[in-house]
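Some notes on the structure that comes next.
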Amino acid sequence: LSWTEAINHASVQQILALSFEENEIPPIELVFLAASQALTATRVILLIKEGIQLHLNQIFLGSEDSSSNHLLEMHLGEKSKVNHYIVASGAKKASFMGNISIDQLENSDYSLTNIQKGWWLGRLETKVSQTNGQAKTNLRGLQITSEKEQMATHSKVRFNGPEGSLKQLQKAVAFDRSHSIFNGA
């Protein structure tokens, strides 16, 4: 459990849990608004059954002096496919801590595309576990920073079986005295 996940477990008051069992699912969009001068903690648990295809859009909006902490836990069944998109846009002196925990079974396909900008302090941690191998993971990210902002992306992928694959591309645009950090393992 990372320190950002520990903050989420201690702060979250409600959990959204969804199980997808039928294949004709329209795209799902979840929008999270962080309240000014407060910590907004959110947690989502998704169970994607065998053979299901899902398009998930998550949008995080931070207002001035807000703090957002989000945890997404997703279990992908065999032969399932998830296209996951995150847009995280903050305002002056807003902070964002995002955690994504993915568990993939055989022949599942998980793709994440994320864009972060405008956070005084932003951190996105993605942890993927290919449970028995033979899974595909594709992680793409873009950070845009300016002034004295600092944004970090950390990813960990565990291959717990044969024939798993990972494609990862992280790009950053840093202006002024800002910092962009990437750590992939």
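The values are calculated or read from the model by the stated rules, or taken from the named source; none is laboratory data. None of the values given here were measured: they were computed from a predicted structure. Here the Cβ positions follow ideal geometry from the backbone for every residue, glycine too, while neighbour counts run over all protein chains shown. Calculation scope for accessible area: heavy atoms of the full protein, side chains included, ligands and nucleic acids excluded. Shrake-Rupley method; radii C 1.70, N 1.55, O 1.52, S 1.80 Å.
Worth a mention:
- Distance between the range 1-34 and the range 47-78 - C-alpha centres, whole angstrom: 5 Å
- Protein heavy-atom accessible surface, 1.4 Å probe, per residue over the range 49-104: 35 Å².
- Between H55 and R177, the modelled label-to-label distance comes to 4.3 nm, taking each label 7 Å out from Cα in the direction of the beta carbon.
- Charge tally for G118 (other residues, Cβ to Cβ under 12 Å; Lys, Arg +1; Asp, Glu -1): 0.
- Highest-MSF residue in the chain out of K167, K127, K136 [GNM, Cα springs under 10 Å]: K167
- Among residues other than H179 with Cβ under 9 Å from its Cβ, the summed charge is +1 (Lys and Arg +1, Asp and Glu -1).
- Cα→Cβ-extended label distance, 7 Å offset, between A6 and L33, nm: 3.3 nm
- With DNA, RNA and ligands ignored, accessible area of R43 (1.4 Å probe; Å², nearest 10): 40 Å²
- Ranking by accessible area, most exposed first, for I181, I28 with a 1.4 Å probe: I181, I28
- Just the protein heavy atoms count here, and of the accessible area of the chain at 1.4 Å, carbon and sulfur take up 52 percent.
- Violating pairs (Cα-Cα greater than 28 angstrom) within the set K49/K93; K93/K171; K93/K136; K49/K117; K92/K167: K49/K93; K93/K136; K49/K117; K92/K167
- Overall Cα dimensions of the chain - principal axes, largest extent first, Å: 44, 31, 29
- Scanning residues 5 or more positions from G184 or on other chains, those with amide H under 5 Å from its amide H are S155, with H placed 1.01 Å from N in the peptide plane.
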